[in-house]
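Enquirer: My structure is below; once you've seen it, I'll send some questions.
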Amino acid sequence: MKDQTYMCSGFEVRTATLAATVDEHPTANSPDDARLLRRRSAENGRRSGPRARLGTAIRIWLANLLVLVSGAVWAQQATFDSGTGLLTLPAVKVGTATYTSVLLNLIDPANYTFRLASATAQDPPGPADITFDAGTGIVTIPSVAVGSAAYSVTLQLTDLSTYTFVLATATLIPPATWTFSQIQANVFTPRCSGCHDGSPGGLPGAQDLTAGNAYASIVNVPSLEQPALMRVKPGDPDNSYLIRKLQGTVGISGVRMPYGGPYLDQATIDQIRAWIANGAVNN
C-alpha cells in the first residue's frame with residue numbers, strides 16, 4: 001500500500017507507509033505453504049488472507065492517522081516564551097521546501113534579535129502558513145502566541161551566515177469578542193452569581209447574575225446605586241455602570257467589584273466592553 005495524503009482541518013496529513021508495518025505473507029502454492037501460513041496465522045493470533053491483512057492495515061493506518069492529525073492540528077501555533085527567549089515555529093515554507101520544529105533563540109532582547117537554533121527538513125514537504133522569502137530575507141508569521149496575546153510578526157534576515165534575524169514588525173491581533181454566553185460562563189456564573197443571586201430585597205441579590213436571568217437584569221436596566229446610568233447601555237461601555245464597577249472608576253458608589261477581589265484582569269474587562277460596544281446582544 002502506498003503512502004497517501006489526506007486533508008484534516010486545513011492541514012495535509014501524510015499516513016505512514018503500511019507496507020513497512022503489515023506482515024508480508026508468501027502465496028500458498030503448495031500444501032506445505034498452506035500449512036506454514038496457517039501456523040504463522042495461529043502464532044500471530046489472526047487468520048491469514050487478503051481480508052484479514054486489509055483489516056490489520058486499516059487499523060494500523062487509523063492509529064497512525066490519529067497520531068499525525070493530533071500533531072498537525074495542535075502544533076501549528078507559533079509561540080514565543082519570554083522566560084526562555086525561545087521562538088518556536090512549527091513549520092516554515094522556504095520555496096518548495098518545508099522545515100519543521102524551527103527554533104530561534106533571542107540573543108539580543110534590546111533589539112529583538114533572533115538566531116536560528118535548529119530546523120528539520122520535512123520529506124516530502126508539507127504545507128505551512130509561515131513563510132521565508134529568500135529574495136527579501138523576510139519571515140512572515142501570521143500569528144505568534146505570547147502569553148495570552150497574539151501578534152502578527154515579520155522578521156528580517158540580517159546575517160545569512162548565522163541565520164540571524166531582527167524583529168521588523170509586530171501587530172497585536174485583537175482577540176475574538178466573547179458572546180454573552182461566554183461572559184456568563186467565564187465571569188458572571190463563577191465570579192458574581194454567588195452574591196448576585198436574585199434573592200429579594202436590595203443589592204447584591206437584586207442584580208441577578210445567575211444563568212438565564214443575567215441579561216434581563218442588566219441590559220437597559222437602571223443601576224440602583226446610580227439610577228441615571230444603565231447597568232449595561234448597549235453601544236456605550238463607558239457609560240455602562242457595570243463597566244465602571246468592574247474597573248473601579250472614580251465616582252462609583254460602594255466598592256469595586258467583584259467584592260473584595262481578586263478583580264477581573266484587563267483582558268476580561270475588555271471582552272465585556274467589546275460585547276457592550278457591539279450592541280450587548282443576547283447571544
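Enquirer: Would you pick out the residues in region 188-224 that are part of a loop (DSSP other than H, G, I, E, B), in contact with a Lys or Arg (Cβ under 9 Å, 6 or more places away or on another chain) and of a type outside the set (A, V, I, L, M, F, W, C)?
Expert: Q207, N220, S223 - these are the residues of region 188-224 that are part of a loop (DSSP other than H, G, I, E, B), in contact with a Lys or Arg (Cβ under 9 Å, 6 or more places away or on another chain) and of a type outside the set (A, V, I, L, M, F, W, C).
Enquirer: Mind counting the residues in region 161-174 that are under 30 Å from A117 (Cβ atoms) and at pLDDT below 95? Talk me through it step by step, then tell me what you get.
Expert: Here is the first cut: in region 161-174, the residues under 30 Å from A117 (Cβ atoms) are 161-173.
From what's left, at pLDDT below 95: 172-173.
Qualifying residue count for the region: 2.
Enquirer: So, one more: For region 67-179, give me every one of the strands (runs of 3 or more DSSP E) that falls completely inside it and has 1 or more residues that are in contact with an Asp or Glu (Cβ under 7 Å, 6 or more places away or on another chain) and under 30 Å from I272 (Cα atoms). Outline the logic, then answer.
Expert: Details: elements: 78-81, 86-94, 97-108, 113-121, 130-133, 138-146, 149-159, 164-172.
Counting at least 1 such residues, we get 138-146.
Enquirer: Being surrounded by 14 or more Cβ atoms within 10 Å (Cβ to Cβ) and in contact with a strand residue (DSSP E or B) (Cβ under 6 Å, 6 or more places away or on another chain) narrows it down to one residue among I243, I252, I276; which is it? Talk me through it step by step, then tell me what you get.
Expert: Working: I243 fails: in contact with a strand residue (DSSP E or B) (Cβ under 6 Å, 6 or more places away or on another chain); I252 fails: in contact with a strand residue (DSSP E or B) (Cβ under 6 Å, 6 or more places away or on another chain).
The conditions single out I276.
Enquirer: Does F114 qualify as being among the aromatic types (F, W, Y), within 25 Å of the chain's Cα centre (by Cα) and within 30 Å of S223 (Cα to Cα)? Write out each step before concluding.
Expert: Working: among the aromatic types (F, W, Y): yes; within 25 Å of the chain's Cα centre (by Cα): yes; within 30 Å of S223 (Cα to Cα): no.
No.
Enquirer: Within the bounds of region 137-160, is there any residue that is in contact with a helix residue (DSSP H, G or I) (Cβ under 7 Å, 6 or more places away or on another chain) and either open to solvent by 80 Å² or more (accessible area, probe 1.4 Å) or not β-branched (V, I, T) (or both)? Talk me through it step by step, then tell me what you get.
Expert: Just the residues of region 137-160 that are in contact with a helix residue (DSSP H, G or I) (Cβ under 7 Å, 6 or more places away or on another chain), to begin with: 148.
Going one step further and asking which of them are either open to solvent by 80 Å² or more (accessible area, probe 1.4 Å) or not β-branched (V, I, T) (or both), we end up with 148.
Looking for residues that are in contact with a helix residue (DSSP H, G or I) (Cβ under 7 Å, 6 or more places away or on another chain) and either open to solvent by 80 Å² or more (accessible area, probe 1.4 Å) or not β-branched (V, I, T) (or both), one finds at least one in region 137-160, hence yes.
Enquirer: Taking region 225-241 only, how many residues are touching a residue at least 12 places away in the same chain (Cβ under 8 Å) and assigned to a loop (DSSP other than H, G, I, E, B)? Working first, answer last.
Expert: Of region 225-241, the ones touching a residue at least 12 places away in the same chain (Cβ under 8 Å) are 225-226, 229, 231-237, 240-241.
Then keep just the ones that are assigned to a loop (DSSP other than H, G, I, E, B); that gives 225-226, 229, 231, 233-236.
Residues meeting the conditions: 8.
The values are calculated or read from the model by the stated rules, or taken from the named source; none is laboratory data. Nothing here was measured: the structure is a model prediction, and the numbers come from that model. Because the Cβ atoms are built from the backbone with ideal geometry, glycine has one as well, and the counts that use them run over all protein chains shown. Each accessible area value is taken on the protein alone, full model and side chains, heavy atoms only, with ligands, DNA and RNA left out. Shrake-Rupley method; radii C 1.70, N 1.55, O 1.52, S 1.80 Å.
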